[in-house]
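Trainee: So that we are looking at the same thing, I have put the structure below in structure tokens.
Nothing in this text is a laboratory measurement; each read-out follows from the coordinates by a stated rule. Small disclaimer: the values here were computed from a predicted structure and weren't measured. Please note: Cβ atoms are built from the backbone with ideal geometry, for glycine as well, and neighbour counts cover all protein chains shown.
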Amino acid sequence: MKSWVPAVMSVAAAAAIGCGGGAVRTGTMPPQEVKAKAVGCARVRPAQGPARIDSVRVGGTVALARIGESTIAYVADEDDAMLHTVDVDTQRELSTTPLLGAPSQLLVAADGRVLVALRDKAAVQVLEPAAALNAPLEPRCTVPTAVEPLALAITPDDATLLVSSGWGQALGAYAMEDMKRSYQVHLPREPRAVVVSDDGKKAFVAHVVGAQMSVVDLAGADHRARTLELTGKDEGGFRRRGVLGSLVGGSSEPRVRRACQGFALAKSVEPEGRVFAPQVLVDPGNAEQASEGYGSGGMMGPEIASVAVIDEGTDAPLESSLTVTPDVRRMAGARTLATECLLPRAAAVDAASGRLLVTCLGIDAVVAYDAASADPRTAELGRWTVGAGPTGIAVDVSRRRAVVWSQFDRAMSLISLAAEAKEPVVRLALSRKASTPETADLALGRKLFHATGDTRISSDGRACASCHPDGRDDSLTWATPDGPRQTPMLAGRLAKTAPFGWNGANEDVRDHVTHTFERLSGSGLEGRELDALIAFVGSMQPPQQRAAKDALVLRGSEVFHSTETGCASCHGDTETYSDRATHDVGSRVAADKSARFDTPSLRFVGGTAPYFHDGRYPTLRSLLVGAEGKMGHTDHLAKADIEALEAYLRSL
Amino acid sequence: MSPARAARAPRRIGIAAAGAVVITLAASAGATVTGELGAIGGANSPPNRPSLAAMPDTTIPEALDVRTAPASVGAGERVHGLDVSGMEGVSRSGSFIVLSAAHRRCLTGSFLSPADGANPTLDGQISHTIIQRTVAAVRAERLVLDSDGKASLEIMDAWVDPVTRGMQLARLTSVALTKLATGPEGFVVYGLRRGDALELVVPTPQRMSALDAEGTIHSNSCDHVRLALRAEVGTGASVVVAGPIEVARTAPAAGEAVKQLAATKPTRMIQVNASASRTSRDPAPVLSVAIRWAEDAPKEPRPRASARELALDSEE
């Protein structure tokens, strides 16, 4: 096996945020600069090397190909900015290919090229298998994309590559022939997985936040995107028959739950025409009332695992897949129930068995659901334990196995989908850069950040990543004992921004984390584990932000810093954009205990809607207009200056 | 045919139906599920996908109409499987009797509200108190399993006179069932087709809870529960039944044999999920049935600092 061997090693702990929730570099060698040959994006050795199998046209952190009778797995290692090539049959790693950036997903094209989305480089790198199977892949070209490309898909005719960009809030379309961008569509916050309808006319895009799915018209001239709402109906209590029903408690009013954690999508094979969206249905509580912790959740708890089933023909979800019903098992006396999949990250359908396979962080398992169920979440068929941090899965239908990539453990799991397999799960560790005590801490911290069902973190199964997916925010406003609180973004926003909490009640991150455990009714972490979690939280890298120096942004900076507007009076610090003090900006609502709120940092404010402690402003524009007189002044600004001010804020 | 489709080629046996007695169809076989962490057990057949089209349409007779009830029933008349007991003249209405059914038959009748009387298995009871002086219509339904593994519903319709305590059998119907799925411990779930709806029939060896397609919860004390599933285009419906079943006793360790003999039989919570759904591309409702253990498996260890990490901590 040819592999990249570090010539120099030193002790450091650099980390970059990853698709699985935080990359932890285990060495300090910078990614090699790979010089691409001047051959464009096309293959130089057509029809050679591994070929795509099963016509899979959806990206993931693991993708399968076939050469002869051998199955090859390409694995995107985000931590080490590496692409691993593994012979699945012999369970041997054949080669590693250094990449130009941190890979979020990869996809094998019809001609065997491997396309890799580089999350931190706003680019897709195109590679070609080398002449020798055990040689690193050869780079062909790099294609610029919107900021933070995270997911890939190819249309059924293999003519177009679709790239969803998270922070860039876009879906880009690129002609596979020359990799030139055909068009780009603006999307709501945090788009992730993409799947294309069987007729190639529309793309379904999952969103991590916002209780929505985007449906993009690929065939129309304007490629319009419309939003499909994904909210769940929670029966609250339950309805019983007859007299007994009236005596038993439970609300008769349905509660609305909002979908979150929309990282993954999968398409059905048989029956056809279904798009599966693993997600979590969240009840953040009644923001107008103080609660005992974060949210109330009624009888069912704040977060419930879900799999939305979308009718591909009508673009509508089956209501049954979004309706939360009482858990009959508990009523029947079950005491120990399996921890739900509260952090789904990847999904694939095993066509041979009709099962939907979902990888779940936190429980570190692959959960199998019946893909034909009207509510797959209630039709779990079983689960397999895999390595920590499973972020990708690919199914080899004919060989009856699934290949899972676990980023946290840097391990590949081979799951036999055949009945009564003697060794249903085989785990294979892949090569990695050497770890150090510091990076080991970060690795532990990352696992703790994503630990669901850990009673030290919460009593209801939630993990840190439940409200802070990828270290960001869930765009929800939660009921708390202090009043309504909009979830803040963490990544890149903690350094030098103490105190913490909307009321500035916590002097440091440790205090705030401890306080959060109490709010979640967790028993708390101590010692090395608490240190590791805090270290990880502090290390989470924000998304790449392109420095915008255009005239509009410069004008916006002038407006921002003007005395008349007054923004800089509290947000003037040029590093954090926060004076780290509390102020009464007239924003208190009835449920708030205090009227004074800590000045939040404005870093990355453009991507963290809604705004204010209670999330009352759904957009930046509405905040700039609506906060007039209470927090700065904008009434005097012309429309062009409002636009400039907004552009400046989006550049921070 | 693609490899995927070939691997899933359904197995169906066509058969003709006749009258109210329906010949049992063997549905696609395949045990599914265990909830055990680390493995999925059972045969590698698809999750059970009954085909409504392959099931004969079944007719379950309507309940007896009390308007056609006889004026009285002779005191000595009896119906095998039903028993009457009670006291005279205790209530203002006059007599009341306790009607009970043998073999945990599910009982209902005209003495209950109309909505409750349609399906005797929902909140199924094996006995009822009848407080009235007029002849009541009674229905008793039970699940019958014969030695060949075939299943049917025996539906008994009778008249019961609370005054004379006489009972008169009006009609006995047998409805053949289709085996839909087999789960852990050989737990079998059956079904029948009524028009465009699947009725799931789940044995309930002990008290079980059920969630019907309308979201109503039922607690069942009789020998089975019957739940309807129907899906129009663009809709879906699902039902859940959960409750304990007896499981095989594991070999006792030395010294434990006496204790185990004295103890009750071990049970474990089982869960049946069934659904019907139909998208715009489905020519017919898609049915699915899944059976698994409801209880959690042993918990996985939490990510904790290793001994090495803790040792490093103490060295600093």
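Trainee: Output the pairs from A:Lys549/A:Lys639; A:Lys233/A:Lys447; A:Lys180/A:Lys202 with a Cα-Cα distance over 27 Å in this structure; if there are none, say none.
Mentor: Details: A:Lys549/A:Lys639 20 Å; A:Lys233/A:Lys447 32 Å; A:Lys180/A:Lys202 20 Å.
The pairs that break the limit, which is 27 Å between Cα atoms, are A:Lys233/A:Lys447.
Trainee: Let me ask something else. Quick one: order A:Met331, A:Met176, A:Met540 by neighbouring beta-carbon count within 10 Å, fewest to most.
Mentor: A:Met331, A:Met176, A:Met540
Trainee: If we count every other residue with Cβ under 11 angstrom of A:Phe263's Cβ, Lys/Arg +1 and Asp/Glu -1, where does the sum land?
Mentor: That sum, taken over residues with Cβ under 11 Å, equals 0.
Trainee: May I pose another question? What relative contact order, as a whole-number percentage, does chain A give when Cα pairs under 8 Å and 6 or more residues apart are counted?
Mentor: 10 percent
Trainee: Another question, if that's okay. Determine the relative contact order of the range B:174-219: mean sequence separation of Cα pairs under 8 Å and six or more apart, normalised by residue count, in whole percent.
Mentor: Details: 49 pairs, mean separation 10.0, N = 46.
Relative contact order, the range B:174-219: 22 percent.
Trainee: Using a 10 Å cut-off around each Cβ of peptide A:447-454, what is the average number of partner chain Cβ atoms that fall inside?
Mentor: For this peptide, the per-residue mean of nearby foreign Cβ atoms is 2.
Trainee: Continuing with this model, one more query. Residue by residue, what Karplus-based ³J(HN,Hα) values in Hz, rounded to whole numbers, does the range A:577-588 have, using 6.51, -1.76 and 1.60 with θ = phi - 60° and x for Gly and Pro?
Mentor: Along the range A:577-588, the couplings run 6, 8, 8, 6, 10, 9, 9, 9, 9, x, 9, 5 Hz.
Trainee: Can you tell me the relative contact order of the range A:534-652? Whole percent, Cα pairs under 8 Å, sequence separation 6 or more.
Mentor: Relative contact order here is 33 percent.
Trainee: Quick one: which residues, 5 or more positions from A:Gly615 or on another chain, have an amide H under 5 Å from its amide H? H modelled 1.01 Å from N in the peptide plane, none for Pro or chain starts.
Mentor: Under 5 Å from the amide H of A:Gly615 lie the amide H atoms of A:Gln486, each far enough along the sequence or on another chain.
Trainee: OK, next. So, R0 is 60 Å and r is the distance between the beta-carbons of B:Glu232 and A:Arg45; what FRET efficiency does that work out to, to 0.05?
Mentor: Here the calculated transfer efficiency is 0.65.
Trainee: Please compute, for peptide A:330-342, the average count of beta-carbon atoms on other protein chains lying within 10 Å of each residue's beta-carbon.
Mentor: 6
Trainee: If each of A:Ser55 and A:Glu575 carries a label point 7 Å out from its Cα toward its Cβ, how far apart are those two points in nm?
Mentor: For A:Ser55 paired with A:Glu575, the spin-label model returns 5.7 nm.
Trainee: If you take each beta carbon of peptide A:355-364 and count the beta carbons of other chains within 10 angstrom, what is the mean?
Mentor: 1
Trainee: Give the calculated FRET efficiency between B:Val66 and A:Asn286 to the nearest 0.05, with a Förster radius of 56 Å applied to their Cβ-Cβ distance.
Mentor: 0.70
Trainee: For every other residue with a beta carbon closer than 9 angstrom to the beta carbon of B:Arg226, add +1 if it is Lys or Arg and -1 if Asp or Glu, then tell me the sum.
Mentor: -2
Trainee: Could you tell me the center-to-center distance, by alpha carbons, between the range A:424-460 and the range B:214-242 in angstrom?
Mentor: Measuring centre to centre over Cα atoms gives 41 Å.
Trainee: May I ask you to sort A:His633, A:His468, A:His571, B:His224 by Cβ crowding, counting other Cβ atoms within 10 Å and putting the fewest first?
Mentor: Fewest to most other Cβ atoms nearby, the residues stand as A:His633, A:His468, A:His571, B:His224.
Trainee: How high is the FRET efficiency from A:Arg224 to A:Val625, r the C-beta distance, R0 25 Å, rounded to 0.05?
Mentor: That gives a FRET efficiency of 0.40.
Trainee: Could I ask something else about it? Between the range A:482-551 and the range A:134-190, how many Å separate their Cα centres?
Mentor: What the calculation gives is 32 Å, centre to centre.
Trainee: Quickly work out the A:Ala505-to-A:Asp158 label distance, labels modelled 7 Å from Cα along the C-beta direction, and quote it in nm with one decimal.
Mentor: Here the modelled spin labels are 6.0 nm apart.
Trainee: Next question, about the same structure. Going by how many other Cβ atoms sit within 10 Å of their own, how do A:Lys233, B:Lys265 line up, fewest first? Walk me through the numbers before you get to the answer.
Mentor: On the way: A:Lys233 16, B:Lys265 9.
Starting with the residue having the fewest Cβ neighbours, the order is B:Lys265, A:Lys233.
Trainee: On to the next question. If each DSSP helix of 4+ residues adds -39,500 (n - 2.57) and the sum is divided by the residues in chain A, what number results at 222 nm, nearest 500 deg cm²/dmol? Write out the running numbers ahead of the final one.
Mentor: Details: 10 runs with 86 residues, N = 652.
Dividing the helical sum by the residues of chain A leaves -3500 deg cm²/dmol.
Trainee: Still on this structure: Which number comes out as Rg/Rh for chain A once both Rg and the Kirkwood Rh are worked out on C-alpha atoms?
Mentor: Taking Rg over the Kirkwood Rh, I get 0.96.
Trainee: Tabulate in residue order the Karplus-calculated ³J(HN,Hα) for the range A:340-352, using 6.51 cos²θ - 1.76 cosθ + 1.60 with θ = phi - 60°, rounded to whole Hz; enter x for Gly and Pro.
Mentor: 6, 7, 8, 9, x, 10, 8, 8, 7, 9, 8, 4, 5
Trainee: Per residue of the range A:179-187, in order, report the coupling 6.51 cos²θ - 1.76 cosθ + 1.60 (Karplus, θ = phi - 60°) as ³J(HN,Hα) in whole Hz, putting x for Gly and Pro.
Mentor: 6, 8, 6, 8, 6, 9, 10, 6, 10
Trainee: What residues have an amide H closer than 5 Å to that of B:Thr267, excluding those fewer than 5 places away on the same chain, when H is modeled at 1.01 Å from N in the peptide plane?
Mentor: Counting only residues 5 or more places away or on other chains, the set is B:Val247.
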